[in-house]
Amino acid sequence: MKLELERVRQCTDYNLAVCVLASGSRGNAIFISDGVTGILLDAGLSAAEIKRRLKSRGLNPRDLDAILLSHEHSDHVQSVGVLSRQLKLPIYLSRKITKKARLGKAVHEIRTFECDVPFQINNLSVHPFSVSHDAADPVGFTIGQNGRRIGIATDLGIATPQLKAQLQDCHMLILEANHDPEMLMNGPYPWPLKKRIQSRRGHLSNLQSKRLLKELQHPHLEHVVLAHLSETNNNPQKVLDEICGAFKRSKPRLTVASQHRSSEIIYLK
Ligand SMILES: [Zn+2]
Ligand SMILES: [Zn+2]
């Protein structure tokens, strides 16, 4: 695959390119490529909207090679079946969620993985690992190429030692900062939902995310994307204000992923 955007063609010396197409409880999708292989991590918007957002950044949906699934919640799987059939894409997902993922009548092809068993999609090295979340077998991923590594964990209630070990030494992190605890508690959600979000298998608060990033920071961490923000119980400025304090020694670039539009293309050189 060759990324079709003129801007991307001009940028030839990168190892990985990332575009967060959408992030939040109303739909998640992330595009990752090394310039040859293109993968879509989660497909939680309609197929038409995912294609529109790819095109809005000059990326061609036909250049996708695979879809990777983190877990079976609807904000991550909405158009997996449709996209798989339309674009003839294999879907990589945990063996334990194949039945629960409701992939529709037919998908082009299913390829299963197990946590902590790394695999390759062409030159991309993919390592799925367990995260603590209320789904059948939820995973985060590291995706690497040529010594560069991205860590992604967007639905998790706590940062386990195993998760910290996996996310160490990544050059880029896409990490959940879901809610401000005070806004959540004083907000309109029903009590059981508040409890679920705050539980060990729910979502990370800004403070939890900050603590985790404090532990994970290192001089070669270049970019942190804060993701899966609650639209009701958080806002981008609050997250940035709180989390920029996590970085004392080195300052990675810090951005917030949006529910409503795709991010710029981020390059790891
Ligand atoms: Zn989610
Ligand atoms: Zn989820």
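Some observations on this one:
- Radius of gyration and maximum dimension Dmax of segment 6-268, Cα, Å: 17.2, 52
- Estimated FRET transfer efficiency (Arg95, Ser46; beta-carbon r; R0 35 Å; 0.05): 0.85
- By the Stokes-Einstein formula, at 1.306 mPa s and 10 °C, segment 128-269 with its Kirkwood radius over alpha-carbon pairs has D equal to 104 µm²/s.
- The dipole here belongs to segment 6-268: it is taken about the Cα centre, uses +1 on the Cβ of Lys and Arg and -1 on the Cβ of Asp and Glu, and is about 340 debye.
- Of Lys195/Lys251; Lys55/Lys248; Lys99/Lys194; Lys210/Lys269, pairs whose Cα-Cα distance is over 32 Å: Lys195/Lys251; Lys55/Lys248
- Positive-pole candidate from Leu240, Pro192, Phe119, dipole of the chain, charges at beta carbon: Pro192
- Per-residue ³J(HN,Hα) for segment 171-178, Karplus 6.51 cos²θ - 1.76 cosθ + 1.60, θ = phi - 60°, Hz, x for Gly and Pro: 8, 9, 10, 10, 10, 5, 9, 7
- Taking the fewest neighbouring Cβ atoms within 10 Å as the starting point, the ordered list for Leu45, Leu175 is Leu45, Leu175.
- Ordering of 52-62, 239-249 by burial proxy (mean other Cβ atoms within 10 Å per residue, highest first): 52-62, 239-249
- Eigen-decomposition of the gyration tensor built on the alpha-carbon atoms of segment 20-147 gives equivalent ellipsoid semi-axes of 20, 18, 14 angstrom, largest listed first.
- Cβ crowding within 10 Å, taken as a proxy for footprinting-reagent exposure, orders Val224, Val82 from fewest neighbours to most as Val82, Val224.
- Per residue of the chain, the DSSP helices (runs of n ≥ 4 H) give a summed -39500 (n - 2.57) that works out to -6500 deg cm²/dmol at 222 nm.
- Partner aspartates and glutamates whose Cα lies under 16 Å from the Cα of Lys214, excluding those fewer than 8 positions away in the same chain, are identified as Asp169, Glu176, Glu222, Asp241, Glu242.
Throughout, read-outs are computed from the coordinates displayed, never taken from laboratory work. Everything quoted here is computed from the prediction, not taken from an experiment. Every residue, glycine as well, gets a Cβ built from its backbone with ideal geometry; the counts of neighbours run over all protein chains shown.
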